[in-house]
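Let me begin by presenting the structure, written as structure tokens, before commenting on it.
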RNA sequence: GGGCCUGUAGCCUAGACUGGAUAGGGCGAUAGCCUCCUAAGCUAUAGAUCGCGGGUUCGAAUCCCGCCAGGUCCGCCA
């Protein structure tokens, strides 16, 4: 890897190891990045005290004395129990710009890797439009896809299509039996919105009328038996919903590579294979003709720890098909990642245990997210107590439009303002959702979803637009710059931030932590705005300094653009 | 009844997995900055018993135990 921070880090680690060996200190070397101003890298010396009778401070001083010289390290400073390493700024700056000139628009991207990754996300029941309650799923999923792509992996996104459940059966019954005049008028002229009414009315009738309940039951039963006609009927019912979901996803820059219908695994008999294997497990039990795995030995607790995978009538269950799906995925990829709502925690754990029992090649890593609720409670498609994602998208774009008009109404054309509003509105939406850790509970509030200031996407997009604006006015060629001319503290801090980009991507990828990307970009944009304040670029008289600064602006532009791209957000050249 | 997740200023949030330097940010509030590359910006001030109580440790927001609050799950549902 040619990124300077990697080289510097590796070099320091190597030299530290030999220093410790020579001095007889034992313990883990924890190279960390210290608080601003204290240095570029640091190690705490607490852990080295175990074998020797010295204070951490004495050890730190000793390490500094014995530390071999390196061209990367300008000075080492002991503060308390820490050894702080200061990089040689000139060497660091020059090698940073070398890596930028080398990688150009691909700066930040990591080496290509051989492994294939399948990210399963969204997988919503196709019975109605996506609502905000589950909006985190596609956004987290897609961001993970983009993180892994940037980290060099070959990635495929999959939507596991639940085409056999009660939800779609209700929808299918509604579409085929209800009078369209009795379906409430949708607010949106989209196929999913036009169809969801059949589901809502259908599920209401299901509770009131036993005959209807019976008919829906038959649809479910026949699907599970693999009846082609029924599966086809259901398919025709949910197809428009799926089309609508797909359109909504596209609006927020998300594409699904493959939709995998659950019924596939019934059709190709792989569920039978799963059932046969599970039956052989010593944890398998039978209760009134139905088969289950006893989950107690695996630490599953609760009222009932039996995990059923085959009904007494011989049909399979959702989880059985899910196991078959995962076996299939394991054959097609090296790394499996699932993004699921927290309600799937137990089922996912059970599937994982079953997969291990039948010796699956790969076990998925699962990212769970908490639901977004409304101030009064949770959202529900059935009760039409929802904010649909389409409403949220429109609101965000509307608000963005008002803002652009307020600020630039006199200068920009209507078309331009609409373009910017779209980019800004959607950016704000994705950013607001992804900036929070998935497992944190979220309550949906319009004021917050539509927040455009501070730690929000428009702030970062604005910084990018500022950078582009400078570059669009430049007269100089930016080649062969002298990076050592960038000596202002704002310049140096900005360079250090930009240099971290590849490491941030690597860590976000390894830890599956999508929210660390927005945090980083906010830092970069913030630092760029300070540089913008302190170091005028175009008015600068000294041509060499001007060129070096232009280079820095361009580097920032690339990092912001690539970083926003990881979040599925467009970086506008103008705002 | 039990499992899992969450609890950090008025509000939102980072840090927790891998214990370590004065707990970072943002919104809102208050006070400033556009004859100078886009003020969606910048600067300053105020605001924190890190849910509560114990324990381990030289050192705990972070690890362990107990409690409280919210979410979620414990179907031959999906």
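Rule-based calculations on the coordinates, nothing more; no lab input. This structure is a prediction, so every number in the text was calculated from the model and none was measured. Neighbour counts are summed over all protein chains in view; Cβ atoms, including those assigned to glycine, are modelled from backbone coordinates with ideal geometry.
Numerical summary
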{"read-out": "Structure-based [θ]222 nm, chain A - -39500 (n - 2.57) summed over DSSP H runs of at least 4, per residue, nearest 500", "value": "-17000 deg cm²/dmol"}
{"read-out": "Span from the the stretch A:366-439 Cα centroid across to the the stretch A:502-575 one, whole angstrom", "value": "24 Å"}
{"read-out": "Descending semi-axes in Å of chain A, equivalent ellipsoid built from Cα gyration tensor", "value": "51, 34, 18"}
{"read-out": "Cα centroid of the stretch A:199-243 to Cα centroid of the stretch A:1-35, whole Å", "value": "62 Å"}
{"read-out": "Descending semi-axes in whole angstrom, ellipsoid equivalent of the stretch A:429-471, from the Cα gyration tensor", "value": "26, 11, 6"}
{"read-out": "Separation of the residue A:187 and residue A:533 label points, Cα + 7 Å toward Cβ, nm", "value": "4.1 nm"}
{"read-out": "Crossing angle, helix A:318-332 versus chain A [Cα axis fit, 0-90 degrees, rounded to tens]", "value": "40 degrees"}
{"read-out": "Residues residue A:419 and residue A:268, FRET efficiency given R0 of 41 Å [Cβ-Cβ distance, rounded to 0.05]", "value": "0.35"}
{"read-out": "Residues A:104, A:15, sorted so that the one with the fewest Cβ neighbours within 10 Å comes first", "value": "A:104, A:15"}
{"read-out": "The stretch A:68-203: translational diffusion in µm²/s, Stokes-Einstein, Kirkwood Rh over Cα pairs, 25 °C, 0.890 mPa s", "value": "120 µm²/s"}
{"read-out": "Extension gain (nm, one decimal) between residue A:544 and residue A:179, 0.36 nm per residue minus Cα-Cα", "value": "123.9 nm"}
{"read-out": "Dimensions in Å of the stretch A:262-337 - Rg and Dmax from alpha carbons", "value": "13.1, 39"}
{"read-out": "Length released on extending from residue A:227 to residue A:448, taking residue separation times 0.36 nm less the Cα-Cα span", "value": "74.8 nm"}
{"read-out": "Per residue Cα convex hull volume in Å³ - calculated over the stretch A:389-566", "value": "131 Å³"}
{"read-out": "Ranked A:479, A:382, A:321, A:303, criterion: other C-beta atoms within 10 Å, fewest first", "value": "A:303, A:479, A:382, A:321"}
{"read-out": "Residue list for the stretch A:361-397, given a label point 7 angstrom along the Cα-to-Cβ vector of residue A:204 and an amide N cut-off under 17 Å", "value": "A:380-386"}
{"read-out": "Gap separating the Cα centres of the stretch A:299-348 and the stretch A:46-86, nearest whole Å", "value": "51 Å"}
{"read-out": "For A:355, A:564, order by how many other beta-carbon atoms lie within 10 Å, fewest first", "value": "A:355, A:564"}
{"read-out": "Nearest-ten-degree value, helix A:345-357 long axis tilted from longest Cα axis of chain A", "value": "90 degrees"}
{"read-out": "Beta bridges by DSSP in chain A, antiparallel share as percent, to the nearest 5", "value": "55 percent"}
{"read-out": "Fraction of the pair-distance distribution of the stretch A:4-87 above 19 Å, Cα-Cα pairs, percent", "value": "28 percent"}
{"read-out": "Chain A: angle of helix A:228-251 to the longest principal axis, Cα-based, in degrees nearest 10", "value": "30 degrees"}
{"read-out": "Length released on extending from residue A:303 to residue A:488, taking residue separation times 0.36 nm less the Cα-Cα span", "value": "60.1 nm"}
